[in-house]
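In what follows, a single structure is set out as structure tokens and then discussed.
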């Protein structure tokens with residue numbers, strides 16, 4: 001049976017959360033949600049519910065054993081280290097990166113990790129990239145779908161992308177609150193996670209496609225979180241707009257769907273039909289198991305159950321074979 005490798009799964013360190021509490025404002029604050037649970041708030045709206053498992057690697061390994069997950073490639077999550085000035089942002093990245101490196105050394109057969117970078121400060125980001133990938137043990141890079149309101153295609157980030165591409169690293173593109181969240185009243189009914197996050201990933205990856213990002217950078221391996229959000233459903237629409245609207249083909253020579261099939265996707269979707277759509281549209285070699293554990297909507301067993309329901313040859317690719325290839329595990 002193939003290994004099960006979880007490419008979308010999160011952890012914090014207590015020191016990192018203490019820094020968010022002390023220095024995260026006014027953007028990020030700590031408090032309790034309506035259910036009385038400890039949470040991170042973004043501009044006063046509940047953003048990330050915190051659970052004990054988020055800082056407890058022993059509990060993580062126990063839950064992995066229970067679910068049948070062999071290796072977890074852990075990352076920080078939505079707010080990442082995009083707060084404070086350069087010193088605070090770098091410190092936030094270093095706190096969580098050092099903790100993840102330590103946890104990999106403690107559980108060498110079970111844990112791998114994505115490095116977090118202070119993207120707003122490219123010189124510092126490049127230093128941390130070098131420190132954590134070349135001199136430490138990170139196997140990829142985490143980036144939010146917008147970095148404190150800046151698009152991933154912003155010229156500020158070109159030196160970082162150039163280095164990541166030179167290294168040929170996997171990059172997990174994970175959503176955060178999309179720009180305009182307040183204008184769209186996404187704090188109402190808790191709409192940021194179910195809908196806002198999907199906007200964020202869809203916009204980020206579509207913009208990268210239309211900007212020619214995937215023609216410029218062909219060595220890195222971009223992973224679009226949550227099954228690519230709405231991209232499997234919208235791939236045909238993007239192609240039709242590319243055909244009929246000049247602005248949509250200004251910088252690219254091929255149909256958007258062809259670039260989308262060079263992106264990778266996780267299996268963090270919540271129905272069998274959605275998972276099958278992602279595989280059908282994006283290719284069975286491009287989809288990997290992910291759980292979103294230990295978020296409250298994450299579920300190791302549920303996602304793995306849907307993966308195991310795939311046809312025999314496809315399920316082994318999604319369970320772990322694709323990730324083994326992409327991460328050189």
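No lab work stands behind these numbers, since they all come straight from the coordinates. Just so you know, these numbers come straight off a predicted model, no measurement behind them. Here the Cβ positions follow ideal geometry from the backbone for every residue, glycine too, while neighbour counts run over all protein chains shown.
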message = Under 10 Å, Cα contacts only: if you run a Gaussian network model on the chain, which one of 22, 243, 188 comes out with the highest mean-square fluctuation?
response = 188
remark   = Fewest to most Cβ atoms within 10 Å: 8, 226 sort as 226, 8
note = Taking R0 as 56 Å and r as the Cβ-Cβ distance between residue 325 and residue 185, the FRET efficiency 1/(1 + (r/R0)^6), rounded to the nearest 0.05, comes to 0.85
request  = Show me 230-240, 166-176 ranked by packing, highest mean number of other Cβ atoms within 10 Å first.
outcome  = 166-176, 230-240
message = Output needed for region 234-295: three equivalent-ellipsoid semi-axes, defined as square roots of 5 times the C-alpha gyration tensor eigenvalues, in descending order, whole Å.
response = 27, 11, 11
query = For the chain, treating each Cα as an identical point scatterer without solvent, what Debye log10 I(q)/I(0) comes out at q = 0.14 1/Å?
reply = -1.13
Relative packing of 247-255, 100-108, which averages over residues the other C-beta atoms within 10 Å, highest first = 100-108, 247-255
note = Taking alpha-carbon centroids only, region 148-215 lies from region 284-309 a number of Å equal to 22 Å
key: Per principal axis, descending, Cα span of region 88-185 in whole Å   = 45, 29, 25
key: Kirkwood Rh in Å, taken over region 34-166 so that all alpha-carbon pairs contribute   = 16.0 Å
ask   = Length gain on complete extension for the stretch residue 241 to residue 127, per 0.36 nm per residue less the alpha carbon to alpha carbon distance?
value = 37.0 nm
inquiry  = Could you tell me how far the Cα centroid of region 1-60 sits from the Cα centroid of region 93-143, in Å?
reply    = 18 Å
key: Nearest-0.05 FRET efficiency for residue 56 and residue 301, computed from C-beta distance (R0 22 Å)   = 0.75
message = Tell me whether region 181-285 comes out rounded, prolate or oblate; compute the Cα gyration tensor, take square roots of the eigenvalues as a ≥ b ≥ c, and use a/c under 1.5 as the rounded threshold.
response = oblate
